[in-house]
Structure formats: structure tokens, C-alpha cells
Amino acid sequence: MAGGREAPARPASVPGPGGTRITLADLPPPTTTRWVVRRKAEVLAAVNGGLLTASEACARYGLSPEELELWQQAVDRAGVPGLRVTRIQLYRELDRMKRPAGQAAKMNSAPSRTSFPA
């Protein structure tokens, strides 16, 4: 390469979410539209292990960087089970509840769907 610097070598495989090694061939196909927990976890393992960069994963799967970051935050909070859509919805609700009252009003957040008896 120019300047004498070579790009770091990418690993041929990385540990997957179940502990087995995964390669690029093991990742979900680029045409994936149904994102189950296992597929999300495999993509995150590939990114975290250096098999793909975050920008490559976003381009390959048509994801926004924000969506990929939300997946990572869900795993950081609750492990792989946190990638379930229902878990993500719960975490967003909990985050809204933790914000100071003035901040929630500024963000025009939707009212909570959870109601408690008076």
C-alpha cells in the first residue's frame, strides 16, 4: 500500500453468538428482510470481531448506522435476548421514563401505552 502502511488483516472467522466460529459465508444473505434475534446477533458478532466493518454491514444489509447501534445497545443492556423486538420496545419505554420531565416534553415523545389504575 502507499505510505508503507498495510490494512490490518481481517480474520477468516470470528466467534459467533452461540460460541461456534462464523465466516462471511455463514452470515445472513444480503437480501435478508426478516431480522430474527439470531441473524442480528450474527451480524453484530461479525462487526465486533472485525469480519465486517459497521459501514460494510450497513451497506450489505441496508441498515442505518443508528439501527445497528440500537442492536448493539440492546446486546449491551441484556445480552442476545435483548435483540427481540419486544425487548427493544420495553427498553425505549424505560429510557423515556428515566428522562427528566422537561426533556420528555421537548422531544414530543408519544404518551406511554402503559396505564395504571388510579
(message) Just to be sure I understand: if I project the alpha-carbon convex hull of segment 34-78 onto a plane and average over all orientations, what area do I get in nm²?
(response) 2.9
(request) May I ask you to list the residues of segment 27-65 whose amide nitrogen lies under 19 Å from a point 7 Å from Cα along the Cα→beta-carbon direction of Ala9? (result) 49-53
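What does the charge count near Leu24 come to, summing +1 for each Lys or Arg and -1 for each Asp or Glu among other residues with Cβ under 15 Å from its Cβ? Each step should come with its number before you reach the end.
Details: positive: Arg10, Arg21, Arg39, Arg60; negative: Asp26, Glu42, Glu56.
Around Leu24, the charge tally is +1.
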(request) Report the FRET efficiency, 1/(1 + (r/R0)^6), for Glu69 and Leu24, where r is their Cβ-Cβ distance and R0 is 22 Å, rounded to 0.05. (result) 0.50
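For a quick check: sort Val43, Val85, Val14 by the number of other beta carbons within 10 angstrom, fewest at the front.
Val85, Val14, Val43
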(request) Step through the residues of segment 58-74 one at a time and calculate ³J(HN,Hα) from phi using the Karplus curve (6.51 cos²θ - 1.76 cosθ + 1.60, θ = phi - 60°), rounding each to whole Hz and writing x for Gly and Pro. (result) 4, 5, 5, 10, x, 9, 8, x, 5, 5, 4, 5, 4, 4, 5, 4, 5
(request) Any chance you could tell me what percent of the C-alpha pair distances in segment 13-99 go past 15 Å? (result) 57
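Throughout, read-outs are computed from the coordinates displayed, never taken from laboratory work. The structure displayed is predicted, hence computed values, not measured ones. Methodologically, a virtual Cβ is constructed for each residue, glycine included, from the backbone with ideal geometry; neighbour enumeration extends over all protein chains shown.
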